[in-house]
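The values are calculated or read from the model by the stated rules, or taken from the named source; none is laboratory data. Model, not experiment: these values are computed from the prediction. Cβ coordinates were reconstructed from backbone atoms using ideal geometry, including for glycine residues, and neighbour counts include every protein chain displayed. Heavy atoms of the whole protein, side chains included, go into the accessibility calculation; ligands, DNA and RNA do not. Shrake-Rupley method; radii C 1.70, N 1.55, O 1.52, S 1.80 Å.
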Amino acid sequence: MRPSARRSRRLALPALLSLFTCSLAFALASEDTKKEVKQSKNLEKSSISKKTDTDLKGIVFVIQSQSNSFHAKKAEQLKKSILTQAADLTQEFPRVLLLHQLAQQEGAWTILPLLPHFSVTYSRNSSWIFFCEEETRIQMPQLLEIIRRYDPSKEWFLGKALHDEESTIIHHYAFSENPTVFKYPDFAAGWALSMPLVNKLTTRLKSEPLKSDFTIDLKHEIALYIWDRGHGPPLTPVPEFCTDGGDASCATTFRSLLPLCGNPLKKEDIFVAVKTCKKFHGDRIPIVKRTWAGQAGRIEYYSDYEDSSIPTVDLGIPNTERGHCGKTFAILERFLNHSHDSISWLVVVDDDTLISIARLQHLLSCYDASEPLVLGERYGYGLGTGGYSYVTGGGGMVFSREAVRRLLASKCRCYSNDAPDDMVLGMCFSGLGVPATHSPLFHQARPVDYPKDYLSHQVPISFHKHWNIDPVQVYFTWLAPREEGGAGQETRRGIKEEL
């Protein structure tokens with residue numbers, strides 16, 4: 001089945017922005033909306049009760065895990081930690097669920113489709129669902145103390161609050177009058193839903209099925225769904241849900257080190273393919289070469305025009321204004337059939353992608369190249385109605401050789417040269433049973449499009465787009481190794497995490 005015409009619309013196109021703006025009429029925060037948020041918060045404050053007697057068996061822990069072997073192992077380690085702490089507190093073991101084991105449906109990672117299951121299965125004997133990422137660290141005594149502050153008979157949405165500092169494309173320019181007014185949770189710190197809220201959302205899901213649309217930033221979209229234009233609760237900020245770990249009162253912290261499993265990959269083990277075209281040879285390619293290209297052991301530039309000064313490779317695919325599916329599949333075929341078999345990894349980037357190959361060498365040391373792996377920032381399309389997940393192209397798409405081999409052995413191909421390459425790849429890999437593996441260290445947008453608090457606990461691998469920024473400055477601020485003069489996340493925290 002081919003993607004619909006709508007699937008081919010790219011986020012960077014004005015037409016898609018217009019579509020999102022129309023479909024999200026509440027994106028502009030009116031004064032009435034602001035009042036509703038304030039009134040809801042005041043109501044919640046008045047509902048905080050004296051400490052309740054909630055214990056661990058009243059909390060269902062859901063680890064937002066992934067099926068890839070590296071991520072599954074990390075999730076199992078966190079599950080073991082939770083159960084060990086429960087035993088140390090001499091409490092009954094809580095239920096600890098791994099998200100990737102709960103359902104085989106493509107969109108389980110978006111959480112909302114699973115709420116009916118949580119409601120039916122756990123509402124009688126549990127008071128809370130607590131969600132966390134595989135690198136979230138939980139201090140059980142503190143968590144229990146925090147949870148007991150909130151009346152479990154009320155509707156609660158708890159988390160560490162993030163907000164946009166300016167309206168951003170990844171949130172469809174929501175609340176453009178005042179982006180700071182809307183709060184959404186930082187998943188890394190953990191977040192919680194009271195069971196009455198889970199039950200209410202389940203009732204709504206049964207009467208109003210989830211719309212078929214794009215899933216771009218899940219944490220923001222979940223908060224929007226729960227808030228429901230003022231009909232549901234906004235996020236209640238919990239200061240003890242932390243990511244930095246600097247406060248002894250923190251119930252949660254987040255391990256923000258860049259993973260390293262053994263030795264970093266050699267740069268020669270990674271083949272980098274840069275998609276470009278003749279009109280960008282003069283402005284974008286020089287930026288690539290001035291910033292990150294020197295880190296790559298093997299790199300080629302693929303264009304619609306052969307230019308020996310770069311040099312570029314003409315794949316014989318005409319340039320298209322959008323999509324680039326034909327070009328990307330030609331790159332995949334060239335990698336599989338013409339590169340040395342010892343090269344285990346392919347990275348496909350745009351000519352306006354900024355990336356740290358050195359950090360990618362660390363990250364890929366944790367993945368098995370013999371497994372079919374597609375890695376990057378995960379988006380979704382039509383997940384409420386049987387759609388698929390995909391790795392968005394602008395932040396960089398990483399493929400193991402095995403993934404490329406399985407794809408090209410199938411009959412799944414572009415329906416046109418200008419089809420959206422990342423979405424077609426997502427549809428193909430979904431059909432092959434190869435999931436999109438998510439890493440929040442890849443970014444489809446610019447640093448200014450993300451909250452500072454969100455980026456503060458990351459060692460980012462990539463950003464995308466040159467709009468209204470100095471891309472060279474962005475690279476040296478966020479991505480450059482220390483020896484290149486970058487401020488670098490490494491100067492504030494070590495990047496080594498032995499696993």
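Checking the structure you have, find out if any residue of the range 180-195 is free of Cβ contacts under 8 Å to residues at least 60 places away in the same chain, open to solvent by less than 10 Å² (accessible area, probe 1.4 Å) and within 18 Å of the chain's Cα centre (by Cα). Yes, the range 180-195 contains a residue that is free of Cβ contacts under 8 Å to residues at least 60 places away in the same chain, open to solvent by less than 10 Å² (accessible area, probe 1.4 Å) and within 18 Å of the chain's Cα centre (by Cα).
Scanning the range 281-323 for residues that are outside any loop (DSSP other than H, G, I, E, B), within 29 Å of the chain's Cα centre (by Cα) and of a type in the set (A, V, I, L, M, F, W, C) turns up Ile285, Ile287, Val288, Ala293, Ile299.
Among the residues examined, Lys278 does not qualify as more than 21 Å from Met423 (Cβ to Cβ), in contact with a Gly (Cβ under 6 Å, 6 or more places away or on another chain) and in contact (Cβ under 8 Å) with a residue 12 or more places away in the chain.
Look through the range 213-231, keep the residues that are open to solvent by less than 50 Å² (accessible area, probe 1.4 Å) and assigned to a loop (DSSP other than H, G, I, E, B), and return whichever of them is nearest to Tyr122 (Cα to Cα). Across the range 213-231, the extreme among qualifying residues is Asp217.
For residues in the range 278-310 being open to solvent by 40 Å² or more (accessible area, probe 1.4 Å) and among the hydroxyl-bearing types (Ser, Thr, Tyr), which is nearest to Ser356 (Cα to Cα)? In this case the residue turns out to be Ser309. Answer with yes or no whether Asp247 is closer than 27 Å to Tyr379 by Cβ and not aromatic (Phe, Trp, Tyr). It is false that Asp247 is closer than 27 Å to Tyr379 by Cβ and not aromatic (Phe, Trp, Tyr). Taking the range 403-426 as the range and being more than 19 Å from Val349 (Cα to Cα) and either among the acidic types (Asp, Glu) or assigned to a helix (DSSP H, G or I) (or both) as the test, the residues that pass are Arg405, Arg406, Leu408, Ala409.
Of the helices (runs of 4 or more DSSP H) that lie entirely inside the range 52-162, those containing 3 or more residues that are at pLDDT 95 or above and buried (at least 16 other Cβ atoms within 10 Å of the Cβ) span 69-88, 115-122, 140-147.
For Asp269, indicate whether it is more than 30 Å from Tyr381 (Cα to Cα), in contact with a Ser or Thr (Cβ under 7 Å, 6 or more places away or on another chain) and not hydroxyl-bearing (Ser, Thr, Tyr). Taking the combined requirement at face value, the residue satisfies it. Among all positions in the range 248-259, there is at least one residue which is without any contact (Cβ under 8 Å) to a residue 60 or more places away in the chain and surrounded by fewer than 18 Cβ atoms within 10 Å (Cβ to Cβ).
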